[in-house]
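Visitor: Starting off with a structure, shown below.
The values are calculated or read from the model by the stated rules, or taken from the named source; none is laboratory data. All values reported here derive from a predicted model rather than from experimental measurement. All Cβ positions, even for glycine, are placed from backbone atoms using ideal geometry, and neighbour counts span all protein chains on display.
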Amino acid sequence: MIYLDSNATSHVDPRVLEVMLPFLTTRFANPSSSYTAGKVVRHALENAREHVAKLIGATTAEVHFTSGGTEALNAVLASAAHTCPGTRLIIGATEHPAVVEPAKRWLRHGGTLSIAPVDHEGRILLDKLEHLLAARDVSLVAIMWANNETGVISPMREVTELAHAAGARVLCDAVQAVGKLPLSVQDIPVDYLALSGHKFHGPKGTGALYVSARSRFEPWILGGGQESGLRSGTENVAGIAGLGEAARLMTEALANGSEAALAEVRDTFETAVLSACPQASVNGSTAHRLPTTTSIRFPGLVAAEMLILLDQRGVCCSAGSACHASAVHPSPTLEAMGLSAQDASSTLRFSFSRFNSREEALAAATHVVHVENKLRALADEAAGPVVITH
Ligand code: PLP
């Protein structure tokens, strides 16, 4: 299998698994217990917090463990709805459903919602955002650091400056960016930031919410008061230990130039595909993009069909659109960038990690080119989309 879907989820690093195992076997005590066995586990939690804080340039007091990115994002929107009822929320046009769905609830509960549009490269239009902020009733601006489908990186510094100048707080979905790019909340002072362990070789069901020391946060999950009262519930210790180790490894990798190494593998693949498929092109900004991601459009072909043939050849990637049972909905991200529904449905996303070698990237490109040529020949013959039966 050639796994090119790391934006969906990534391999758990064997070193991460090793750190986790004792907390599923011998070190099973509750970290809130006051005896020594509990204190040992508490120490591991705090150690993990230090690693996560270091990765994003936060203090440990600002990092709160959650069950993942979705929970962290929902928690901030719920908090804002509670503390600033009836105000305006601005979200980017290419946000993940983990922001879009709670934003719809914000609207149902009496708030106002505005969508900040993006240009054809997928980047937030800052003048349009500034215009929306001029309404002066905005309490929160939610913009993602990097997009999950295209890898396009937002101008977070400018977004944050504009929002703060208008008196609004900034929530940043950094689920796809953390671990892949050097980023720091000291350098770009967003107020809230969500990250997720399984996107950078940690375990699924782990994540963290950064709440800046200057920002207000009303907890969503109440109970025993864990995580300084901001997120109750007995901690997922093994998962958190794994998240911490994954964060430590990412800090180390970024310091050793992992960004350039990742981009080289992705670019090897991209160049091989584009040079052999003259009709194909990359969606979104290539200048402002994660080093791991390429979203390639194959005009005239149907991504869902390419996926089936690639799967048969052992290549795992995903469509630029979400497939629900028999219906294929074009990706809202690609549509927001101005792609037609047809172009959006002819897009595949390939996302790499450090577990992909250059050789693997070239082998995957050969499979993609083969499938593209085959389907294009059939499509040309039939002068329309091909129906695969098997
Ligand atoms: N935000 C983005 C941009 C994502 O890509 C994802 C996951 O795909 C999430 C949020 C949700 O994160 P989690 O799977 O940890 O809940």
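Visitor: Cβ-Cβ under 7 Å, sequence separation 6+ or interchain: first residue in region 70-81 and under 15 Å from residue 109 (Cα atoms), partner charged (D, E, K, R) and away from the ligand (no atom under 15 Å from the Cβ). Which pairs?
Guide: If the second residue must be charged (D, E, K, R) and away from the ligand (no atom under 15 Å from the Cβ), the pairs left are 79/218.
Visitor: While we're looking at this one, here's another question. Suppose we filter 202, 225 for residues that are on the phi > 0 side of the Ramachandran plot and at pLDDT 95 or above; which single one remains?
Guide: Values: 202 fails: on the phi > 0 side of the Ramachandran plot.
Checking each option against the conditions leaves just 225.
Visitor: Just to be sure, is residue 234 β-branched (Val, Ile, Thr), surrounded by fewer than 21 Cβ atoms within 10 Å (Cβ to Cβ) and outside any loop (DSSP other than H, G, I, E, B)?
Guide: On the way: β-branched (Val, Ile, Thr): yes; surrounded by fewer than 21 Cβ atoms within 10 Å (Cβ to Cβ): yes; outside any loop (DSSP other than H, G, I, E, B): no.
Criteria not met by residue 234.
Visitor: If I filter region 41-52 down to residues being surrounded by 15 or more Cβ atoms within 10 Å (Cβ to Cβ) and not basic (Lys, Arg), which single residue comes out as farthest from residue 210 (Cα to Cα)?
Guide: Initially, region 41-52 is screened for residues surrounded by 15 or more Cβ atoms within 10 Å (Cβ to Cβ), giving 41-42, 44-45, 47-52.
So of that shortlist, the ones also not basic (Lys, Arg) come out as 41, 44-45, 47-48, 50-52.
Values: 41: 22, 44: 19, 45: 16, 47: 16, 48: 14, 50: 12, 51: 13, 52: 10 Å.
Restricting to residues being surrounded by 15 or more Cβ atoms within 10 Å (Cβ to Cβ) and not basic (Lys, Arg), the top hit is 41.
Visitor: Report yes if residue 296 is in contact with a strand residue (DSSP E or B) (Cβ under 9 Å, 6 or more places away or on another chain) and at pLDDT 95 or above, otherwise no. Explain how you work it out, then say what you get.
Guide: Values: in contact with a strand residue (DSSP E or B) (Cβ under 9 Å, 6 or more places away or on another chain): yes; at pLDDT 95 or above: yes.
Considered against the rule, which asks whether it is in contact with a strand residue (DSSP E or B) (Cβ under 9 Å, 6 or more places away or on another chain) and at pLDDT 95 or above, residue 296 comes out as yes.
Visitor: Looking only at residues that are in a helix (DSSP H, G or I) and within 14 Å of the ligand (Cβ to nearest atom) in region 53-72, which one is nearest to the chain's Cα centre (by Cα)?
Guide: As a first pass, look at region 53-72 and keep what is in a helix (DSSP H, G or I): 53-56, 60-62, 69-72.
Still in the running and within 14 Å of the ligand (Cβ to nearest atom): 69-72.
Numbers: 69: 8, 70: 10, 71: 13, 72: 12 Å.
So the residue we want is 69.
Visitor: Among the residues that make up region 248-257, is at least one of them buried (at least 24 other Cβ atoms within 10 Å of the Cβ) and in contact (Cβ under 8 Å) with a residue 24 or more places away in the chain?
Guide: The initial filter retains those residues of region 248-257 that are buried (at least 24 other Cβ atoms within 10 Å of the Cβ), namely 250.
Narrowing the set further to residues that are in contact (Cβ under 8 Å) with a residue 24 or more places away in the chain leaves 250.
Yes, because at least one residue in region 248-257 is buried (at least 24 other Cβ atoms within 10 Å of the Cβ) and in contact (Cβ under 8 Å) with a residue 24 or more places away in the chain.
Visitor: If you take the residues in region 152-175 that are more than 13 Å from the ligand (Cβ to nearest atom), of a type outside the set (Val, Ile, Thr) and in contact with a Leu (Cβ under 7 Å, 6 or more places away or on another chain), which one is farthest from residue 54 (Cα to Cα)?
Guide: From region 152-175, those more than 13 Å from the ligand (Cβ to nearest atom) are 155-170; that's our starting set.
Now restrict to residues that are of a type outside the set (Val, Ile, Thr): 155-158, 161-169.
Applying the additional criterion that residues be in contact with a Leu (Cβ under 7 Å, 6 or more places away or on another chain) yields 155, 158, 162-163, 166, 168-169.
Working: 155: 22, 158: 23, 162: 26, 163: 25, 166: 29, 168: 26, 169: 22 Å.
Filtering first and then ranking leaves 166.
Visitor: While we're on this one: Only one residue in 70, 83 is of a type in the set (Val, Ile, Thr) and at pLDDT below 95, so which one is that? Quick ask: steps written out before the conclusion?
Guide: Details: 70 fails: at pLDDT below 95.
Only one candidate qualifies: 83.
Visitor: Mind checking which residues of region 183-200 are among the hydroxyl-bearing types (Ser, Thr, Tyr) and away from the ligand (no atom under 11 Å from the Cβ)?
Guide: Of all residues in region 183-200, those among the hydroxyl-bearing types (Ser, Thr, Tyr) come to 184, 192, 196.
Selection gives 184, 192.
Visitor: I would also like to ask the following. What residue, among those in region 157-202 that are within 18 Å of residue 66 (Cα to Cα) and among the hydroxyl-bearing types (Ser, Thr, Tyr), is nearest to the chain's Cα centre (by Cα)? Break it down stepwise before answering.
Guide: At the first step, the residues of region 157-202 found to be within 18 Å of residue 66 (Cα to Cα) are 171-179, 191-202.
Keeping just the survivors that are among the hydroxyl-bearing types (Ser, Thr, Tyr) gives 192, 196.
Numbers: 192: 15, 196: 8 Å.
In this case the residue turns out to be 196.
Visitor: Suppose the filter is closer than 18 Å to residue 5 by Cα, out of contact with any Asp or Glu (no Cβ under 9 Å at 6 or more places or on another chain) and more than 10 Å from the ligand (Cβ to nearest atom); does residue 178 pass it?
Guide: Against the criterion (closer than 18 Å to residue 5 by Cα, out of contact with any Asp or Glu (no Cβ under 9 Å at 6 or more places or on another chain) and more than 10 Å from the ligand (Cβ to nearest atom)), residue 178 qualifies.
Visitor: So, in region 120-151, exactly how many residues are crowded, with 16+ Cβ neighbours inside 10 Å, touching a residue at least 60 places away in the same chain (Cβ under 8 Å) and more than 15 Å from the ligand (Cβ to nearest atom)?
Guide: 3
Visitor: Under the condition of being surrounded by fewer than 18 Cβ atoms within 10 Å (Cβ to Cβ) and away from the ligand (no atom under 14 Å from the Cβ), which residue from region 88-107 is nearest to the chain's Cα centre (by Cα)?
Guide: Filtering region 88-107 for residues that are surrounded by fewer than 18 Cβ atoms within 10 Å (Cβ to Cβ) and away from the ligand (no atom under 14 Å from the Cβ), the one nearest to the chain's Cα centre (by Cα) comes out as 104.
Visitor: Report, by residue number, each residue of region 8-22 that is more than 15 Å from the ligand (Cβ to nearest atom), outside any helix (DSSP H, G or I) and crowded, with 17+ Cβ neighbours inside 10 Å.
Guide: Across region 8-22, the qualifying residue is only 13.
Visitor: Same structure again: In region 163-184, how many residues are closer than 22 Å to residue 216 by Cα, in contact (Cβ under 8 Å) with a residue 40 or more places away in the chain and part of a loop (DSSP other than H, G, I, E, B)?
Guide: 4
Visitor: Which one is nearest to residue 374 (Cα to Cα) among residues in region 294-314 that are in a loop (DSSP other than H, G, I, E, B) and in contact with a Pro (Cβ under 9 Å, 6 or more places away or on another chain)?
Guide: Among residues in region 294-314 that are in a loop (DSSP other than H, G, I, E, B) and in contact with a Pro (Cβ under 9 Å, 6 or more places away or on another chain), the one nearest to residue 374 (Cα to Cα) is 301.
Visitor: Only residues that are part of a loop (DSSP other than H, G, I, E, B), within 11 Å of the ligand (Cβ to nearest atom) and not polar (S, T, N, Q): list them for region 201-228, please.
Guide: The initial filter retains those residues of region 201-228 that are part of a loop (DSSP other than H, G, I, E, B), namely 201-206, 212-226.
So of that shortlist, the ones also within 11 Å of the ligand (Cβ to nearest atom) come out as 202-206.
The answer is 202, 203, 204, 205.
Visitor: Here is a follow-up. Looking at (1) within 16 Å of the ligand (Cβ to nearest atom); (2) buried (at least 17 other Cβ atoms within 10 Å of the Cβ); (3) not aromatic (Phe, Trp, Tyr), which is the only condition residue 84 fails?
Guide: Just one mismatch for residue 84, condition (1).
Visitor: May I pose another question? For region 1-33, which positions are closer than 19 Å to residue 49 by Cα and touching an Asp or Glu at 6+ places or on another chain (Cβ under 7 Å)?
Guide: Across region 1-33, the qualifying residues are 15, 16, 19, 31.
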